[in-house]
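Okay, structure first, notes after.
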Amino acid sequence: MQRVEDLKRKQLNKSYIFGTGPPLEKARRQDWSDGYRIVCNTIVRDPDIWNYINPHFIVAGDAIYHFGHTSFAKAFRKDLSKRLASTDTLFIYPDLFHQFISREFEHLSDKLVPGPMGNHQKINVDLTKEFFLPGLGNVLGLLLLPLGCTLSKRVCLFGFDGRAPLIS
């Protein structure tokens, strides 16, 4: 986690973590450069918002949606590869998927950070001292909040207002 240590030296006083909910299209209305920027999941689909936010980290952790063999997962990884190749962003994900990801992203190995799973459920750990992801189910508790809390004491969430319900 040398990159995290290097970033912490910037002494930014907040972390911005971005979901993929509806308010995300409004992200261009704010300057995010005063904080650490952590994005997740399918934000890789939109190169304009990606470049505007200019994330330090992207995280993903869903076996089917991000690491599976579905067309959705393949499209996610294709877009992720493009975004990682064009920026200094690091990709943090559960180490369970590392063998698969390291083969597919061999050309980007310096941007891959597999996180080992711990047996705790604490979100506010310092991952630079104890690099184990909490045993929590979704990307918010598993990756976004632990990384945001590692970087700063103030964590701001954007794009977590949910999605429209599916109509059956």
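The values are calculated or read from the model by the stated rules, or taken from the named source; none is laboratory data. In this text, all values refer to a predicted model and were calculated from it rather than measured experimentally. In this analysis, Cβ positions are derived from the backbone assuming ideal geometry, glycine residues included, and neighbour counts consider all displayed protein chains. Protein only, heavy atoms only, side chains kept; ligands, DNA and RNA dropped before computing areas. Shrake-Rupley method; radii C 1.70, N 1.55, O 1.52, S 1.80 Å.
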Unmet requirement for residue 154, which otherwise passes all of (1) within 19 Å of residue 53 (Cβ to Cβ); (2) within 16 Å of the chain's Cα centre (by Cα) = (2)
Could you please find all residues in segment 70-94 being closer than 16 Å to residue 114 by Cα and aromatic (Phe, Trp, Tyr)?
-> 91, 93
Which condition number in (1) modelled with pLDDT under 95; (2) open to solvent by less than 40 Å² (accessible area, probe 1.4 Å); (3) part of a helix (DSSP H, G or I) is the one that residue 127 fails?
-> (3)
Residue pairs meeting the criteria (Cβ under 8 Å; at least 6 apart or on separate chains; first without any contact (Cβ under 8 Å) to a residue 24 or more places away in the chain and under 16 Å from residue 78 (Cβ atoms), in segment 90-103; second part of a helix (DSSP H, G or I) and open to solvent by 40 Å² or more (accessible area, probe 1.4 Å)) | none
The condition from (1) aliphatic (A, V, I, L, M); (2) free of Cβ contacts under 8 Å to residues at least 12 places away in the same chain; (3) touching an Asp or Glu at 6+ places or on another chain (Cβ under 8 Å) that residue 73 misses is numbered (3)
